[in-house]
Amino acid sequence: MKQDSILASEITAYLRCPRIIYFRSQSGAEEQKIVDTTYLSHLILKELALTHHHTAASDVGDVIGRLRTELKRITDELLVVYRAVLSDVDHQMVLDAAESIDIDVIGSQIADYIQIIGRDALLMKITPCAVEHAMYSDLLGIAGAPDKLVRIDGSVLPYLTRTGEKPEHGAWKPDRLQITAYAMLVEETFGQPVKYGIIEYARFFELRDVNIKPRDRRVVLELRNRIRMIKDGRMPDRPRDAPCEFCASEEGCTAQRSLASKFF
Ligand code: SF4
């Protein structure tokens, strides 16, 4: 991977706040996370989403029971799987986070998809052919690993799991651009065109197909250039609507004077 490559996930971070990219690149570490029950429920939902193809393969009457079994296993194992980031977390905190996940909503939506598009079509859509498969392209200067790759009608497609709110239609802009970046990586890696990717809004098991448009491809490349400049040491301005109250870099950030160019 070339040194000035960016990660596809940095596009989402950039759109949240460009300074997050700056502080992450200065420290050379992963973005710091505030580890609270919200963050834990995000991890649990991600893990649960990776099991939905097993749940969808079970009898419709067993869907909720299967989800409960998977949720219990995941809460029991979470501190082992994420030991490096959850060293200060106890099991009760994980159980509290799991309380916020509405299994009935997810289960009834899985049953609805089985009714509407059929079990085989649903399984094709959500069964991973690879999980967090790392890809990079020197040509694009982009690297990344989507949550899953799925194979539909012979084509490999990128699949993202999102754990926040869902938009009424389609996908949120950062999600749309991130999946576009993954689609471009899939094209480079597998030598095939990608017409769409899939985003799962996991709290609701809402599946959204996202068409990969030329306009979004252009934006991905433009954002790649801006992110490169920040990683080269150019600190961007603090955006007016930056989500500072949820940011682990707040202390260092407020101490810094902006040297940003007007381009940011
Ligand atoms: S504290 Fe606010 S401005 Fe600074 S990096 Fe975090 S979100 Fe961005």
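The values are calculated or read from the model by the stated rules, or taken from the named source; none is laboratory data. Note that the coordinates shown come from a computational prediction; the quantities given were computed from them, not determined experimentally. Cβ placement follows ideal geometry from the backbone for every residue including glycine, while neighbour counts extend to all protein chains displayed. Accessible surface areas use protein heavy atoms only, side chains included; no ligands, DNA or RNA. Shrake-Rupley method; radii C 1.70, N 1.55, O 1.52, S 1.80 Å.
Look through Ile20, Ile6 and report the one residue that is over 25 Å from Leu123 (Cα atoms), crowded, with 20+ Cβ neighbours inside 10 Å and away from the ligand (no atom under 16 Å from the Cβ). Break it down into steps so the answer makes sense when it comes.
Numbers: Ile20 fails: away from the ligand (no atom under 16 Å from the Cβ).
Testing whether each residue is over 25 Å from Leu123 (Cα atoms), crowded, with 20+ Cβ neighbours inside 10 Å and away from the ligand (no atom under 16 Å from the Cβ) leaves just Ile6.
Residues checked against (1) open to solvent by 20 Å² or more (accessible area, probe 1.4 Å); (2) in the same structural domain as Ile44 (by TED's automatic domain parsing); (3) out of contact with any Lys or Arg (no Cβ under 8 Å at 6 or more places or on another chain):
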position	(1), (2), (3)
Asp175	no, no, no
Thr180	no, no, no
Gly197	no, no, yes
Phe205	no, no, yes
Asn211	yes, no, no
Pro214	yes, no, yes
Leu221	yes, no, yes
Glu251	yes, no, yes
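All of Gly164, Gly170 fail the test of being away from the ligand (no atom under 16 Å from the Cβ), open to solvent by 10 Å² or more (accessible area, probe 1.4 Å), farther than 26 Å from Arg19 by Cβ and not in a helix (DSSP H, G or I), apart from Gly170.
Taking the conditions exactly as written (closer than 22 Å to Glu250 by Cβ and away from the ligand (no atom under 16 Å from the Cβ)), does Val89 satisfy them or not? Even if it seems obvious, please write down each step before you answer.
Values: closer than 22 Å to Glu250 by Cβ: yes; away from the ligand (no atom under 16 Å from the Cβ): yes.
Answer is yes for this residue.
On the given criteria, is Ser100 polar (S, T, N, Q) and under 16 Å from His42 (Cα atoms)? Yes: the conditions hold for Ser100.
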